[in-house]
Amino acid sequence: MEIFSEEEISKLSQILNLILPEYNENLPSASFIINNLNLTNSIHKHFVDASKNLCSRVENIIITDLILTQIKKNNFREFSVFVNLVLILYYSNKKVLNNLNVGSVPPFPEGNFVKEGDLYLLEQVFLKEKIYRE
Amino acid sequence: MKIKDPDVLIIGAGASGAAAAWSLSQTSLKIVCLEQGGFMNPEEYPSTKIEWESLKYNEFNVSPNIRNLPSDYPINDTSSPIAIANYNAVGGSTILYSGHFPRFHPSDFRVKELDHVADNWPLNYYDLEPFYNLNDKMMGVSGLTGDPAYPLIEGMFAPIPLGAMGEVIGKGFNKLGWHWWPSYSAIITQEYMHRGKCINLGPCNMGCPQGAKSSTDVTYWPIALKNGVELRTHCRVREVTVDKNGKLTGAIYYDKDGVENFQSAKIVIIACNGVGTPRLLLNSTSKCFPTGLANNSGLVGKNLMLHPLGYVEGIFEEDLNSNLGPHGCCLQSQEFYETDLSRGFVRGYTMQILRGPGPVETTLSGVGRREIPLGMDHHKAVKNTLGKAIGMGIIVEDLPELHNTVTLDPNIKDSNGIPAPKINYQLSENSKKMLAHGLEKGKEVMNAAGSKKTMSFGPVRNTGWHLMGTAKMGNDKENSVVDKYGQSHDVKGLYIVDSSIFVTSGGVNPASTLQALSLFICNKIKEENNL
Ligand SMILES: Cc1cc2nc3c(=O)[nH]c(=O)nc-3n(C[C@H](O)[C@H](O)[C@H](O)COP(=O)(O)OP(=O)(O)OC[C@H]3O[C@@H](n4cnc5c(N)ncnc54)[C@H](O)[C@@H]3O)c2cc1C
Ligand code: SF4
């Protein structure tokens, strides 16, 4: 069974394209989330519920920036929950992470390089009198 | 093999319980430990999965009320501005802890004498020093010798890398002429005892798959088990029992199938943390102890201290890769640790520098605070924030107050039907002033370091991870629950080894001190029994 109806898919794609639009060819629009859902994952399940709830509150077929602002205003709580789930799912996507310059991406085979840092900076602290009380 | 008649029964396999199990396992004592959680599987930790950050919002959340796993018990913390954080498994809360591992200062044990507040501890820094050293060796600790904020501490592995962000913020502290020092970290920077070294993955607060973070499931427990300790997992203790004369007999617990069992023991050591321990004692009522076991002083569950936490964040122009490396371990400042009454409050706080958050947390908090927009400008704003943020936790010393309590909730019960704990907690005026001071000073450092946007707030709600004071130690049995050696004044053979027994909270993370205390107490048990 399809997760979303055609109407829901249309509304959701438009909303997602407006919230997180494509940014050069590296970062896709968030609309890919709709096609990457795994219902055994609780966050994905929450996303489906939040999406259906939001769609049921939106009557417009065409959604513009202006209409989105209205949707947000009239459904503040539902919209916030939806946006949080979108952000979680968007920034848990391999392609997005690979293009974000966030270091190694899970399962973190290599770990990350972090530079030691210049410990000579501590010289002036080192020269302080003891600062603790006995 | 199942031990039928143990000499020692330990309840709780977390930071302090593991240290106790290891210490006593070096003797001929027969030891059983009951733990309500199970063993963790590091291969299943979130950081092995692409959606690692999202798991922080459910099964790896710091709040047991949100995780709601079979090993968790609910905690009613609605009457507290700070929510309780813990983890229930072999390793206890060290599974999620950051491994920031500073010791108390010598003055922390003498607050009455020096600052005329609360009570002195019945022991001092130098009584604990050998056990701090032993604990560092067993846990594996990294850091740098020569810190003017402490008596000499030696024998640590090389410190965790400062990274570009550490250099930037270190220069900020230098500009102001303030103290700072690389973190004391319960994270190993070289291979040690079959454990891999830290490879800077970052999400230490969701379990370290590398085994580099010194959680007790990978430090003390493997040796304690090898030495013959029997660890019974998924066993939740309902009550510690006494006979009709008030003499300790053992404990009643539910096993993994929910079946009620009784385990006898000569010595019972409670290590369930600052909320779990008073809960267990208050649930252990009898004719001899109608208001809870070991509670003749009436102090079980009182004096809860939580270390209210302030948060400061600076966003910098340059890319600092600040989201890489152990989240909670970079450097700390104790410039404002010791009392200076001209600041308007007594006692002090630590500034703990935190690495920047990952992409999910960066965007969730940025969008929530309206600093990262949605729409066309979103990605640019993320680029300007991610890897460029430096965080700071202000760890405020909380003083003991009788009205800050753990009691039993009259309505809420866990999955075994055992009454859940209820928290009543408020920040004192002293803590509020200290917090406000810390937030201001934190912003000053961020600005001195070159932050282009700085913000601060506190107390942060989901940070009740340091749970102290609810079964206070002392020499006077009218005014304390246990003696200097962790033994109940009222029940011979009943010991408490976790941070419930702290007299005051210091202004640093407690794990190093509570484990040193656990080793100190077990050393006394060994001495007294000629072991
Ligand atoms: C997210 C997070 C970050 C932290 N960061 C730091 C840090 O950087 N530095 C630091 O010093 N501290 C930190 N802490 C705090 C530190 O982890 C705790 O202070 C420490 O683990 C407490 O040790 P404990 O032995 O008292 O209790 P715990 O480690 O919590 O262990 C208690 C154990 O008892 C078990 N238990 C409880 N009740 C029962 C029962 N009735 N029957 C059977 N078993 C029971 C629990 O399941 C648990 O495993 C952090 C904690 C959290 C949650
Ligand atoms: S940063 Fe180091 S200690 Fe933390 S999870 Fe990664 S490897 Fe483990």
Exercise for the section: Calculate the all-directions average of the projected area of the protein assembly as shown's alpha-carbon convex hull, and give it in nm². Expected result: 29.5
Practice task
Give me the aspartates and glutamates in straight-line cross-link reach of B:Lys137: C-alpha distance below 18 Å, same-chain residues under 8 apart excluded.
Solution key: B:Asp127, B:Glu129, B:Glu154, B:Glu191, B:Asp217
Completion exercise
Under the rule rounded for a/c under 1.5, else prolate if a/b exceeds b/c, else oblate, using alpha carbon gyration tensor axes a ≥ b ≥ c, the range B:101-251 is classed as oblate
Practice task
With runs of 4+ DSSP H residues as the only contributors, calculate the mean residue ellipticity of the protein assembly as shown at 222 nm using -39,500 (n - 2.57) per run, divided by the residue total and rounded to the nearest 500.
Solution key: -8500 deg cm²/dmol
Completion exercise
Once the in-chain neighbours fewer than 8 apart are removed, the lysines whose Cα is under 22 Å from B:Lys422 read B:Lys302, B:Lys413, B:Lys472
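Only four residue types carry charge here, +1 at the Cβ of Lys and Arg and -1 at the Cβ of Asp and Glu. Report the dipole size of the protein assembly as shown about the Cα centre in Debye, rounded to the nearest 20.
On the way: 62 positive and 69 negative charges, 130 e Å.
Magnitude of the dipole: close to 620 debye.
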Practice task
Can you tell me the FRET efficiency between A:Phe126 and B:Glu318 if r is taken as the Cβ-Cβ distance and R0 is 30 Å, rounded to the nearest 0.05?
Solution key: 0.70
Handout entry: Principal axis dimensions, largest first and in whole angstrom, of the range B:478-529 by Cα
Key = 33, 26, 11
Practice task
List, in the order given, every pair from A:Lys45/A:Lys95; B:Lys380/B:Lys433; A:Lys11/B:Lys388; A:Lys45/A:Lys94 whose Cα-Cα distance in the structure shown is over 30 Å.
Solution key: B:Lys380/B:Lys433; A:Lys11/B:Lys388
Problem - Accessible area buried at the A-B interface, both sides summed, 1.4 Å probe (Å², nearest 100) - result: 4800
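Expected output is a single nm value to one decimal: the length gained when fully extending between B:Asn227 and B:Asn529, i.e. 0.36 nm times separation in residues minus the C-alpha distance. What is it?
Numbers: separation 302, 0.36 × 302 = 108.72 nm, distance 1.88 nm.
Using 0.36 nm per residue and subtracting the Cα-Cα distance, I get 106.8 nm.
Tally up the carbon and sulfur contribution to the accessible surface of the range B:33-179 as a whole percent, 1.4 Å probe, everything protein left in place.
Numbers: 2550 of 4760 Å².
Solvent-exposed carbon and sulfur of the range B:33-179 make up 54 percent of the total.
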Problem - FRET efficiency, B:Asn447 to A:Asp49 (Cβ-Cβ, R0 56 Å, nearest 0.05) - result: 0.80
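Going through the cross-link list A:Lys73/B:Lys443; B:Lys213/B:Lys266; B:Lys477/B:Lys524; B:Lys213/B:Lys452; B:Lys112/B:Lys484, which pairs have a Cα-Cα distance over 23 Å in this structure?
Values: A:Lys73/B:Lys443 34 Å; B:Lys213/B:Lys266 34 Å; B:Lys477/B:Lys524 19 Å; B:Lys213/B:Lys452 33 Å; B:Lys112/B:Lys484 17 Å.
Beyond 23 Å: A:Lys73/B:Lys443; B:Lys213/B:Lys266; B:Lys213/B:Lys452.
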Exercise for the section: Would you mind getting me the FRET efficiency between A:Asn24 and B:His403? Use the beta-carbon distance for r and R0 = 56 Å, nearest 0.05. Expected result: 0.45
Completion exercise
Quarter of the surface of the C-alpha convex hull for the range B:361-457, i.e. direction-averaged projected area in nm², equals 10.2
Exercise for the section: Using only alpha carbons, build the gyration tensor for the range A:6-105 and give me the equivalent ellipsoid semi-axes, biggest first, whole Å. Expected result: 23, 16, 12
Fill in the blank from the handout: When the charge dipole of the range A:6-105 is computed with +1 at the Cβ of Lys and Arg and -1 at the Cβ of Asp and Glu, the Cα pointing farthest to the positive end, of A:Asn75, A:Asn26, A:Gln14, is that of A:Asn75
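What shape does chain B take by its C-alpha gyration tensor, where a ≥ b ≥ c are the square roots of the eigenvalues and a/c under 1.5 counts as rounded, a/b above b/c as prolate, and the rest as oblate?
Prolate is the answer for chain B, as a/c is 1.5 or above and a/b outweighs b/c.
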Completion exercise
Spelling it out for B:Ile269: with amide H atoms placed in the peptide plane at 1.01 Å from N, the residues 5 or more places away or on another chain with amide H under 5 Å from its amide H are B:Leu9, B:Ile10, B:Ile11, B:Tyr495
Exercise for the section: Using label points projected 7 Å from each Cα along Cα→Cβ, tell me how many nm separate A:Ile61 and B:Thr249, to one decimal. Expected result: 7.7
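With every protein chain present, what is the per residue accessible area of the range A:6-105 (1.4 Å probe, Å²)?
Values: 5210 Å² over 100 residues.
I get 52 Å² per residue for this part.
The values are calculated or read from the model by the stated rules, or taken from the named source; none is laboratory data. Everything numeric here is computed off the predicted structure, so don't read it as measured data. Methodologically, a virtual Cβ is constructed for each residue, glycine included, from the backbone with ideal geometry; neighbour enumeration extends over all protein chains shown. The protein model used for the area step is the full one, side chains on, heavy atoms only, and it has no ligands, DNA or RNA in it. Shrake-Rupley method; radii C 1.70, N 1.55, O 1.52, S 1.80 Å.
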